[in-house]
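S.K.: Take this structure, written in structure tokens, and hold onto it; I'll ask about it next.
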Amino acid sequence: MVLFIGWTLSRYSVKAINKLVEKTPKVDKTIAPLLSQLVRYAILIVTIIIVLNQFGVATNSMLAVLGAAGLAIALALQGTLSNVAAGVMLIWLRPFSVGDYIYAASIEGTVTQIGLFSTRIRNADGLYIFSPNSKLWSSSIINEDKLPTRRINLKIGISYDADIGKARKILLKIAKDEKRVLTEKPPAVFVDSLGDSAVILSFRTWVKSSDFYSTRFAFNEQVKLEFDKAGIEIPYNKLDVNINSNT
């Protein structure tokens, strides 16, 4: 009966903790899976000890044996336990949270769950990625949603015959008309480099991190339309062939 109650309680605790975290606005949703799993295993361990006591097993000596066995198991399962340690560190230091879009260890996508052993990620194509925590912890992590604002930096090529000042005015007007561009950090346009077949302009604006991709895609289309209206050529790679008729 004790074993049944303990097993049922451990399963119920997972659901209860997840619901409690969801209803508590001050608690980060990221810690829910890890916390629920820790509580579940703790209840199961206590249940097993109580059951052994009911059968008259000397738990003091049993705990000593389990401690020695646990050390041997820990040495044999270093990789698995490193995932647990990495999961705790990811929760504690919080380089990312559930819902963040990250790049790490050749993996990219939106974090859906941070568990005791692994992190679950959904990439942009809707694919499910199951990554060990130690793999993420041992690699550099780029988090697109950690900071509230982000800079858009478009490099746009114009022909050498085009008016740089006119192109700059058009780009600044596009930034001014775009409501998602933050006014606290003024947009900037400058000559980035002189390429083989184009003058490369750098067009920089700041937006909220959540608006980054939608604004950048809108800029790409708007720049092409406005440059076409103004007669500013965006050159592409081409090869000029000169034929000498005298040979």
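FYI, it's all coordinate maths here, none of it is from the lab. Treat the numbers as computed from the prediction; the structure is a model and nothing was measured. Methodologically, a virtual Cβ is constructed for each residue, glycine included, from the backbone with ideal geometry; neighbour enumeration extends over all protein chains shown.
S.K.: Return the tail of the calculated pair distribution for region 181-224, meaning the percent of Cα-Cα pairs more than 11 Å apart. Provide the component values of the computation, followed by the final result.
M.R.: On the way: 673 of 946 pairs.
Tail of P(r) above 11 Å: 71 percent of Cα pairs.
S.K.: In nanometres, what is the gap between the two model label sites at Lys146 and Ser193, each 7 Å from Cα along Cα-to-Cβ?
M.R.: Going by the 7 Å Cα→Cβ label model, 2.8 nm.
S.K.: Find how much the distance from Tyr213 to Lys23 grows on full extension, using 0.36 nm per residue of separation minus their present alpha carbon separation; answer in nm with one decimal.
M.R.: Extending this stretch completely gives an extra 65.3 nm.
S.K.: Which values, in whole Å and largest first, are the semi-axes of the equivalent ellipsoid of region 92-143 obtained as the square root of 5 times each eigenvalue of the Cα gyration tensor?
M.R.: Numbers: eigenvalues 44, 27, 23 Å².
Largest first, region 92-143 gives 15, 12, 11 Å.
S.K.: I would also like to ask the following. So how far apart, in nm, are the two label points at Lys229 and Gln54 if each is 7 Å from Cα heading toward Cβ?
M.R.: If labels sit at Lys229 and Gln54, their model points lie 8.0 nm apart.
S.K.: Further, regarding this structure: Rounded to the nearest 0.05, what FRET efficiency do Tyr128 and Leu182 have when you use their Cβ-Cβ distance and R0 = 30 Å?
M.R.: For R0 = 30 Å, the calculated efficiency reads 0.30.
S.K.: Related question: So for region 149-230, Kirkwood radius off the Cα pairs, Stokes-Einstein at 10 °C and 1.306 mPa s: how many µm² s⁻¹?
M.R.: The Stokes-Einstein estimate is 123 µm²/s.
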